[in-house]
Each structure stands twice: as C-alpha cells, then as structure tokens.
Amino acid sequence: MTFTAPHIDYAGLSPVIALTAGIVVVLLGGVLSSRHQRLVVSALSLATLATAAGLSVWQWGNQEDLVAGALRLDELGLSATLIAIFAAWVCIPLSWRDPAAEPEGTEPRHTEFQALLLSSVLGMTLLAQAQNLIAFFVALELLSVPLYVLCGSSLRRERSLESGLKYLIVGSLGSATLLYGLAMIYGAAGSTDFGTIDQVLTNGNASDSLVLMGVALIATGLAFKTSVAPFHQWTPDVYQGAPTPVTAFMAVATKAAAFVALVRIFDVALGSIVDDWQPALSVLAIISIAVGNIGALGQNSLKRLLGYSGIAQAGYMLVGVAAASELGVNALVFYLAAYALMNLAAFAVVVVRERETPWGDDIKSVQGLGRERPELAWPLTISMLALSGLPATAGFMGKLFLIEAAVDADHTYLGVAIAIGTMISLAYYLRVVAAVWMRPAAEPAPAMAGGSPEADEEAAPAPKGTRCLAILVPAGICAAATVFFGVIPSPLVDWANHAGGALAPFF
Amino acid sequence: MLWLPVAAGLLCFVVPRRGVPVVAVLGTLGTLGIAIGIVAGFQGGTAGLQHVVDESWIPDLGVRYELGIDGISLFLVLLTALLWAGATAFTAFRMPERRRIYFFMLGLAETGVLGAFLAQDLLLFVLFFDLMLVPFWFLIGTFGGENRIAATTKLIVYTLVGSLLMLVAAIATAVLASGDIGHLSFSLADLRANPLSSGSQYWVFCFFAAAFLIKMPAFLVHGWMPDAYRAAPLPVLALFSAVLSKVAAYGFLRIVLPLYPQATVHFQELILVIGVAGILYGSVMAFTVTNVRLIAGYSSIAQLSFITIGIFSLRPDGADGAVLQMVNHGLVVAGIFLIVALLWERSGSEDLTRLGGMALRAPVLAALFLIVALGNLAMPGTANFIGEFYILFGVFQSKIVFAFVASIGIALAAYYSIRLFQRTMHHRRTENVDSREIGVRDAVVLAPLVGCIVALALYPGLILGRADSSVQATTAAVKPEPNVITAKGWTGYAPVSEVTK
C-alpha cells in the first residue's frame, strides 16, 4: 500500500513561499553588526519583495484552488498582493533614518522592523487569496499582529506606544467581532468553504437570522480593519501616532488586502443574499464618506488629515463593493491601485518634512515648499489634487470608474454621494496645496516643537542629500505614475479588469 | 494645437529664467497661428464637424478621445487663442516672480479651455471643464491680491460643486443611453442619436444647468464672483472673465440643447427668468459699485445673461446672436481688464472715486478704451449691437415679455459703460493719477484686440455665416420634439411651434 501525499502546487504558492523564506532570512540578518545591518537587511527585504512580486506576475493569469481549496489563486488576489508589495517596497526606504541623528535603542532595528513588515505583507497575500473562513481569519491576524507592533515601534515616543496599544485593542475587538460572525456563518451553512457556503445559501436551507447576524458581524469586523465609519475612531489617532512609514504602509496595503477580502467574502460566499447586505454596505459607504470628509476639514496635522481622508476614500471604495457587479470590483481594484500611488507620494513628503522641520507633521511644515523645495512640492501637490479627484490624475479616473459602476448598478445615489463627498474634500486637500504654494514658509518657533509628534527626537534636522534621494525617488515615481495613469489609464484599467474578471462567474 | 500650450508651459521649466516668457509667448502665438489656419480653412455652410480626431482612449469605460470643430466652437477657439496670446504677452512684458509656474499654469489653462471647446465626447468635455479650474486656482491663489486664498478656494468649491454633479449626470446619461446604443459610449454623436427618456432628462438637465450657470456666473449663483474678481491678477482675470464664462454658455449649446431637448423646453422659462433677472441685477450692480473690476464683473453677469436668454430663445437667430455675442463679449471684457491693469499701474487704484483725468496726456489709451467701452454698451455700429439685436430678435419671437424686460438691460449698459469711461478718462485728475501714454509694448497687445472689435463691427457675417448652419442644426434638435412627445402620448406641454410664436 502506498501513501500518496496530497498534491501541492508549488508554483501557485510560490509568492507565499518566497515571502516566508524572506522573513526567515531577514531575521537572521539580525546577527550582523549594526554597521552593516541596514544595508544588508534592506537589500534582503527588497530582494524578497522583488522575488515575490516577480513570482506573482509569473502566476498572473492562473486561476486555481490551492491547499485543498483554502486559498484561491486568481488575479484579484494577486493584484492585492502586488499593491501590498509595492507599498512595502516604498516603505522600506522611508524608514531609513540617519544613524548619527539617533541614539542607539530609540528606534527598532532594521531587522525587526523589516521582518515584521514582511510578515504583514505575507498576511495580506494570504488574506487576499483566502476562500475559507479559517484561512481568512488566520491571514487577517497574520496581517494585524505585526502592524500592532510596528505602530508602537518608536519606543521612546509616547504617542507611538499609545497608538500601538490603541490599535491593538480596537483591532482585537474588530477581530473578535469578525470571528463571531464567521462562527455564525459556519453554524448556518455548515461549511467553512466559501463555495459551499454560497451553495447552501442559494438553496435557501440556512436559518436566516443566524446568517444575517453573521453577515452584520463580519461587515462590522471588516469595517474596523478598513476604517470605514462609524468604526473608524481609531484611525486618526493611530495614523498620527505611528511612525510615518508605518502609517503609509498601513493606510495603503491594509486597505487593499482587506477590501479584496471583503469583496471575496461578500460577492463569493454571500453573493446569493446580496439584497440583504447591499443596503447595509451602501449606508456604511455614505456614512464613511460624510464622516471622513467632514472630520478632515479642521485638521492641522497632515497625518490626521490623511487618516480622515482615508476614511472617506474607504467610503468611496465601499461603493465599488456595494455595486455588487464585476464593474464594481474592477473600479475598486483600480481605485486601490490609484490610492496606493497617491497616498505613498503624500506620506513620503510628510516623512521628509518631519525630519527637516520642527513642526512634525503639522501643515505648517509644508508651507512655502513650492518656492524652496519644488521637488517635494510637486509630489505632494499632485497627490493632493489626485486624492481630491481632479482631472488628469489617476484619482479622477478612479472616481469616474466608481461612479460609473454605481450608476450602472442602479445606485445613482451612491454616485451622487461620491460627488458631494469630493466637493467637501476639496476644502481640505486644497488647503494643503495652498499652504505649499501660496503661503510663505513658517518661521521657526521653538515653542511649537513640543506639540509635534516626531519633532521631539529630532536633534539634527538637516538631511543629507543621499538620504533624501531614497525618499524622493519613490515619491517622484508615485506622483509621476498618478499623472500617467490619469492621462493614459488604459494599462491600469486592463489590469483592474483582469482582477475583477476573476470573480466574473459569481455575478 | 490642443497640447501645444501645455507643452510650451512644460518647456518653461527647462529653459533658463530669461527665456521663459519668450517660450511662453511663442507657444501661445503658435497656437494662435494654428487657430487662424483652421478658421481660414473652415468650410462654411455645413453643420458637420471638421478636423475630426477620433481615437479610442479608455475603451472599457466607453470614453473616446474625440475632437472636432464646427461653426459654434470655431470662433471661440480663435478667441481663446487670441486672448491667451495677448494676456501672455502682456504679463511677459512685466516679468512676474516665479514665472515658470505662472506660464506653465497659463499654458495648462489654455489647453483645458481649448479642450473643452473641441471635445466631442461628453466625458472628455467634463474632464477639460474641470481641468481648467486647477491652473486658475493656482494663478489666483499664488499671484493674486489681498485675501486671495479664501477667494480662490471659494471660487473652486463653487464651480466644482456644479461640475462634479455634472460628472455624475454625464455618466448617468451614458449609462442610461447604453441600452439603446448597445454599448457604453460618451460620444456626443451617439448620445444625440439616442435621447434619454424625459424623466431622466429633467434631473440630468438640472445638474448640467447648475454647473454652467455657476460657471458663468448667473444670477443667484454668482457668490464667488466679487471675491475672486477682486483677488485675481488682472491678465488672468481678463482670461477668466472673457473665456471661461463662454465655456459655460458654449456648454449649453453643445451639450444641453442637443442632448436634453425635452428638458430644455420644459425649463426654458425658468432659465429665461434667471437670465432676465441676471441682466437687471448685473446692470444695476454695475452702476452702483465703484471698483473698476467689479463694474466689469457685474457687467459680465448681465452680458452672459443676455447670451443665455439668446440660447434659450431656442430659435436660430437668438442662438446665432448668442454665439456672436460670446466672441464680442470676450474681446471687450478682456480689453477692459487689460486697460484696467494699465490704469492701475498709472494710479495705484481701482476705485472710480480715485481715478480720473487719465485721458489728459494719453489720447491713444483713451481712444482704445472708448472703443472698448462703446462695444460694451452695444452701440449701434459695433458687433455687440448686432449680437444683442439678434438675441432680442430671437427672444421677441419666442417669449415677448422677457424680451421687453431684457431691453432695459441695454439702456442700463449704456449708463454703466459710459460712467466707467468718463470717471476714469475724463473728470478732474486726482493727485495720484499719473497720466501717461500707453507704452508701445502694451499697445501691441491691445491694438489687435481693439482691431478685432472694429473688424467684427464692420463685418459680423464673418462669424454669423460660419456659425449659422451649426446653430441651425443645434436648435433644430430641440424643435421637432413635440412630435416625439405626442407620439409617446405626452400631452403635458404645448408644442414648441406654439411656444415659439
């Protein structure tokens, strides 16, 4: 009698394997002396990410079940993976700091930082591919736990620790809610597999109230993760407190993975009861658009502003999910990619200014940038204009795509909600642009320094040219890509269509 | 032609500082040259599009890169190119600070405006319509006067409120029409062939009308106007007032009338009321305020209202007049603002009470100003007279009551234009006024403008002859509607044939 091992599709799993191996190798880099550490470890991390990205591209176009149906390899999952990898790739140079400017021990060492970052990317990869309730939850935790640590990783800064703790508590609450919801769905459907759940619900032999409770709790749990209002309260605080590179990564990558997971669970597993959850998600989207945009109006901290703007943007993206159509998913993926480009450019500029000026991330830090540092002013300007959805940027195309999806699915009011939200948002995005171009640089006022989050540890603000370059290049690339895809959107549209097409059988 | 200005603008970033204005001026002159070439090669008497560019742009969203020019847009394009060349040269002589970004933004703005005039795809139009706001926001906010940031933010929020709703409406139009066309298409030709049901037309019309009326600005939604006009740098303001408002009026002719004919008939009287109210309000305000910019601003409200009622007379003669008047008003108001810039340099004031006696040593400047002012008041013998005559003629035939009230506006225009001229040029000289003759370089900018005003006065057929057939086609789209309506069993409205008599 021979024992046949289950077939393992190593090719399909290869991005996951590459990331896992990378994490181990990067952790081993911790034994190096701190002089070489940054260089070697960063090179290893970037190589890992590049490998994983390359393997994802290689697998692009394959559609198959992996690991006995726990994971689904398709373009939708891979696109979220690619966005997460891109965000991490940008985030690593952002996190390089001048060793001379910092005493030993105040910042996490590069090894830990980057290993945690990679673990989070791994979690996102798995989450975006999960089509089984258990794999789904495990991946979500793998994504979240490293982020809790990363948020609190500026050990000497109270704000950072506070933000880590806050994120841990709120995130755990979200996870618990989600788990409860997953359990209820399992109780109703008797299976953890998305496909089977769908079949059971389609046949109608599931107790209704149990399913509905489950759906509500899942929606709530994922809303926590994607910072959709009214489950958003943690977002501005955590965004502001966390080290800025982490914030950038969190804002972009978490959103991509969690939204793809949201689409998969709602459109695949719960697709047959779309009439039940569609109104709920629409309402959440509208609330999120309103809360995010209005909340951002009075913010002086750029990171808080971007946090609130992220809430509003999550609302826009939720419209793509609520449309419950292939077009909606396409629009969502397009918007996620555009959002990644716009936000990373903005955060990169914030990182630079935090180090250069005594105002931290206060809006004052970017005043007069247009005159003094045009190379920083342009990425920030483009990113702000794109976030506010002005034409000739990817942001405009993304909104156009989303509105088209909403109108096409007969939810014109959602399109109008996006338009109204966009109008409100102009007031604060343009405030930033006005500060950049139209106001003179703020005079240094030592009294202000205490109020800003990262300023208290800045001993030597003046950056070196090379260090800046590591940030400027990604910022410039993101900004240029934002404009490029605003003028010639077809490549990105095709890409998004492939991603959405993976779910086509479910609509 | 479309991308030349922005290319020149980008070039400004790489050439040395001294070369920047030269590049910018050459860019706009090149555009002007192409525009003149198009006008010269234009075949009159046909309603169709010419110089069509039609490329697939975003196939999945049904958006095409579709450009073309016809009798309505022809002269607006020329006007845009001419005024941009003028204003760019005007600022180039003055060498502003941070000139690279200034000229880049000007170039971007010209591309946006030309794009809106040329676009034959609904979404492309909306895109350019929004796009042109960004550079103006920058120009006013960066180079404007007192209180500029608040003013410019107010401006952009106001105008984008309209244009974002317009975006939704445009998408809704395409999606709703896609059922008839068979695929998603924003092409104006496709959409014209497949009109929406009357119910959807109504709300879509409201969104579009809101966007255009705000942009003009029309009465009730002109709240952004005084602040923005006070804060804007004058050459920019000349362009803003002369060209951007025309995009809105043009939008009515290009988009609203052909695409939403039933709604147009339905809301005709409402728009006429707004228009007539705007004429009266604008005129009255223009002779009560003393700031020169605001006089021109309020007079623009009145003139734009004239153009609106001309379009909404829904008759070819009214719309012909509107097209002519758009060009006229653009020339005149740009002339006024550039002259105001000269006055400001000579007196340091923009207040009528502190201006006066300028003509004493500056007869040429005064003469130029006189021609412009007479154009503004639609003196018989100027093209403005012919334009307003056509408009009123059209309105008389469709809605006689409105025409009577609107005629009052002409009388009021005479009052405020002459007041503007007298108070600045004649009167006793105030001590801060330095009566200096116009410089040769400024004259080079102003003289062609005034020359165009005179030329149009002598031969308005230049525009009318070329515009007429396109206008006929546009207004005809509205006319046959009653048959369609009755065919569908709609009896709620009087047929247009009765309405128009």
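The numbers here are math on the coordinates, done by the rules we state, and not lab data. Quick caveat: nothing in here was measured; it's all calculated off a predicted structure. Ideal geometry is used to build each Cβ from the backbone, glycine not excepted, and the neighbour counts take in all protein chains shown.
Annotation for residue B:344 and residue A:494: the two label points, set 7 Å from Cα along the Cα-Cβ direction, are 5.0 nm apart.
A simple spin-label model places the labels of residue B:411 and residue A:487 5.5 nm from each other, with each point 7 Å out along Cα-to-Cβ.
Calculated mean residue ellipticity at 222 nm for chain B: -23500 deg cm²/dmol, from DSSP H runs with n ≥ 4 weighted as -39500 (n - 2.57), summed, divided by the residue count and rounded to 500. Taken one residue at a time, the phi angles of segment A:390-401 give Karplus couplings (6.51, -1.76, 1.60, θ = phi - 60°) of 7, x, 6, 10, 4, x, 5, 4, x, 5, 4, 4 Hz. Gly and Pro are set to x. Between the amide H of residue A:231 and any residue lying 5 or more places away or on another chain, no distance stays under 5 Å, with hydrogens modeled in the peptide plane. Could you sort out which of B:154/B:246; B:154/B:399; A:166/A:303; B:246/B:399; A:303/B:215 sit more than 27 Å apart by Cα distance in this structure? Cα-Cα > 27 Å for B:154/B:399; A:303/B:215; rest within. Modelled spin labels at residue A:28 and residue A:410, positioned 7 Å past Cα toward Cβ, are 5.9 nm from each other.
Derived scalar couplings between HN and Hα for segment A:248-254 equal 4, 4, 4, 4, 8, 6, 4 Hz in order, rounded to whole Hz, by the Karplus curve 6.51 cos²θ - 1.76 cosθ + 1.60 (θ = phi - 60°), x for Gly and Pro. Applying 1/(1 + (r/R0)^6) with r as the Cβ-Cβ distance of residue A:10 and residue A:275 and R0 = 45 angstrom yields a FRET efficiency of 0.60. Remark on residue B:53: its backbone amide H falls under 5 Å from those of B:67, B:68, a criterion applied only to residues 5 or more positions apart or on other chains, H modelled at 1.01 Å from N. With R₀ set to 51 Å, the beta-carbon distance separating residue B:147 from residue A:172 gives a calculated FRET efficiency near 0.55.
Net charge around residue B:359, counting only other residues with Cβ within less than 14 Å of its Cβ (Lys, Arg = +1; Asp, Glu = -1)? Local net charge: +4. Sequentially through segment A:65-81, phi angles give Karplus couplings (6.51, -1.76, 1.60; θ = phi - 60°) of 8, 10, 6, 6, x, 6, 10, 10, 8, 8, 5, 4, x, 5, 5, 5, 4 Hz, Gly and Pro residues having no value and appearing as x. All other residues whose Cβ lies under 12 angstrom from that of residue B:208 are scored, Lys and Arg at +1 and Asp and Glu at -1, for a net of +2. For the protein assembly as shown, a crude dipole built from +1 on the beta carbon of Lys and Arg and -1 on the beta carbon of Asp and Glu, taken about the Cα centre, is about 3180 debye to the nearest 20. Between residue B:157 and residue B:97, take the C-beta separation as r, use R0 = 30 Å, and let me know the FRET efficiency to the nearest 0.05. For residue B:157 and residue B:97, the calculated efficiency is 0.65.
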